[in-house]
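This report concerns only the one structure given below.
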Amino acid sequence: LRSLLRFAPNTAGALMDPQVFTLFEDISVKEALRLIRRQPRFVSHHIPVLDRKHGFAGVIKYVRELMLASADASISSVMHSGAGHLSPTSNREAISVHPGWSLFNELAVVDDNGLFLGVINYKTVRQLEIAAQESAHAGAAFDTGKALGELYWIGMSAFFKGATSVVKSEKGS
């Protein structure tokens, strides 16, 4: 929780999940599968791969890739090293237009030193976009209501002004 609170609201750092199942790039596929079997509920769509200094190295796109790889192969030979990532200070707009979403359902959040902080998933991004649209619609509805109220009072003012002038002219006749 502390790692999330240090970032401004609606930034990748505040929206990320910092508790993610990861693998080190120098372990074997056999060891990776053993770790996955031991904690399957923590494994999501993609598995971030880190170096031993906890720097972001890449991602295993699908567990299937591990199952098809040679047991003696290293994770670094199976991972996608060109996986996109986000800065923890990326704002909502930068997050939603990131080109990595076309290839991945989750993107790594990586600080300026290359350290892996967590992941943000596309579902979270979509929820932000929906909330922003609803907020914009609510604002537009309020503005419309306000404008209609002003028109009503302008019309009523003109009506009363006309009615009082008719009453004055009838008294004067």
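The values are calculated or read from the model by the stated rules, or taken from the named source; none is laboratory data. Given the structure is predicted, the values throughout are model-derived calculations rather than measurements. Counting neighbours? That spans all protein chains shown, and the Cβs are built from the backbone with ideal geometry, glycine included. Please note that ligands, DNA and RNA were not included when accessible areas were found on the heavy atoms of the full protein model with its side chains. Shrake-Rupley method; radii C 1.70, N 1.55, O 1.52, S 1.80 Å.
Given the structure, is GLY118 touching a strand residue (DSSP E or B) at 6+ places or on another chain (Cβ under 7 Å), over 16 Å from THR11 (Cα atoms) and open to solvent by less than 30 Å² (accessible area, probe 1.4 Å)?
Judged against the criteria, GLY118 is not a match.
Look at (1) modelled with pLDDT of 90 or more; (2) open to solvent by less than 70 Å² (accessible area, probe 1.4 Å) and you find that THR124 fails only one, number (1). Can you confirm whether PHE116 is under 25 Å from THR22 (Cα atoms) and either aromatic (Phe, Trp, Tyr) or at pLDDT below 85 (or both)? Yes, satisfied. Hey, can you tell me all the residues within the stretch 25-54 that are closer than 16 Å to VAL119 by Cα and in contact with a Leu (Cβ under 6 Å, 6 or more places away or on another chain)? The answer is ILE47, VAL49, HIS54.
A search for C-beta distances below 6 Å between a residue of the stretch 29-54 that is free of Cβ contacts under 8 Å to residues at least 24 places away in the same chain and any residue that is surrounded by 15 or more Cβ atoms within 10 Å (Cβ to Cβ) and part of a helix (DSSP H, G or I), counting only pairs 6+ apart in sequence or on different chains, returns VAL43/ILE36. Of the helices (runs of 4 or more DSSP H) contained entirely in the stretch 24-109, those carrying at least 1 residues that are open to solvent by less than 70 Å² (accessible area, probe 1.4 Å) and at pLDDT 95 or above fall at 29-38, 75-78. Note on the stretch 8-23: among residues that are open to solvent by less than 40 Å² (accessible area, probe 1.4 Å) and either among the β-branched types (Val, Ile, Thr) or modelled with pLDDT under 90 (or both), the one that is nearest to SER70 (Cα to Cα) is VAL20.
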